[in-house]
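I have placed the structure first, in the form of structure tokens, so that the comments after it can refer back to it.
Only the coordinates and a few stated rules stand behind these numbers; no lab work does. What you are looking at is a predicted structure, and each value in this text was computed from that prediction instead of being measured. Backbone-built Cβ (ideal geometry, glycine too); neighbour counts: all protein chains shown.
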Amino acid sequence: MLWKGRRQSDNVEDDRSDSGGGLGGGSPGQFRIPIGGRAGGGGSIFLVILVVLAGWYFGFDPSTILGGGDGGGGLITDNSGGGQDSGAGTPANDEMKQFVATVLAETEDTWTGIFKSQGLTYEDPKLVLFSGQVRSACGFASAAAGPFYCPGDRKVYLDMTFFQQLDQQFGASGEFARAYVIAHEIGHHVQNLTGIMSKFNQMRQSMGEVEANQMSVRIELQADCFAGVWAHYTDQKGILEQGDIESALNAAKQIGDDTLQKKAQGYVVPESFNHGTSQQRQTWLARGYKSGKLSDCNTLSGPI
Ligand SMILES: [Zn+2]
């Protein structure tokens, strides 16, 4: 990705020096990205999706949430497993931070344009860089939990050592694999702004675990599709390089639930999937990328 020299977002908060480092060795298993739900904006560019999902759209309660911690409050967590040593002592303005700030700026520009075209206003999220562990409106999280988006404070949380983990542990190398991870989290922000996430969190209160997992997969695949939509517009700017899309698709493959479970335990338990299989994740990322249309990201009904 030809990102150098492009605009960097001001919405990066660098909290790396605040946290204790070195939470190692998370449990292997799911790729876990907390999402939960405070109500987002009102109007919806996903009207089509929401009409299909009419049942979802009514009567959500913006006040629910995430008072803290995993329990009960609608926080879904997905764990990428295995933490690495945190990158304590990383210089405040290192190149990776600049990369993250640039990708974030690209998502801001793209989603601002998409929302505007629908007569809506995109509100930029913050992206918090942390090291080891962090406190968010969604509770306390360690780097082992992987990057996550917290709807309660509208922030993406990222310990950049996850990128090394992607590369070394998951076999997903490349800059654009990293950009995809960020874009996926931003996809959750879009879901938050459009009210999809809060509806989901409300619904899952009354769901059994298997059903909630199935719904989680749909939400996650939509975030992948939104990441693809972002990649589509980024490609149109002429800043993608050969192999970029492939590296994002490979990342989607490597963090598929079935692939992660096979690696971690040698077998898969489909009922426990909460992000989608490798094939599903690749399919939806590719679908968003191909058309750039949100209407192609309806993962919430029909076959996935
Ligand atoms: Zn996610």
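Within the shell of other residues whose beta carbon sits under 11 angstrom from the beta carbon of Val269, the net charge comes to -2, with Lys and Arg scored +1 and Asp and Glu -1. A DSSP coil position with no more than 13 other Cβ atoms inside 10 Å describes the following chymotrypsin sites (Phe, Trp or Tyr not before Pro) in the stretch 251-296: Tyr267.
Charge tally for Arg135 (other residues, Cβ to Cβ under 13 Å; Lys, Arg +1; Asp, Glu -1): -3.
On the basis of the beta-carbon distance and an R0 of 25 Å, Lys4 and Lys293 show a calculated FRET efficiency of 0.25. Here's how it looks for Tyr149: its modeled amide H is under 5 Å from those of Tyr157, which are all 5 or more places away or on a different chain.
Give me Rg/Rg_expected for the stretch 143-186, where Rg uses Cα atoms only and Rg_expected = 2.2 N^0.38 Å with N residues.
1.15
Debye calculation, C-alpha points only, no solvent: report log10 I(q)/I(0) for the stretch 168-253 at q = 0.11, 0.12, 0.21, 0.23 Å⁻¹, in the same order as the q values. The Debye formula, applied to the Cα set alone, gives -0.36, -0.43, -0.96, -1.05.
Over all other residues within a Cβ to Cβ distance under 15 Å of Leu249, the charged ones net out to -1, with Lys and Arg as +1 and Asp and Glu as -1.
If the cut-off is a Cα-Cα distance under 16 Å, which lysines reach Lys4, setting aside same-chain residues fewer than 8 apart in sequence? Those lysines meeting the cut-off are Lys97, Lys237.
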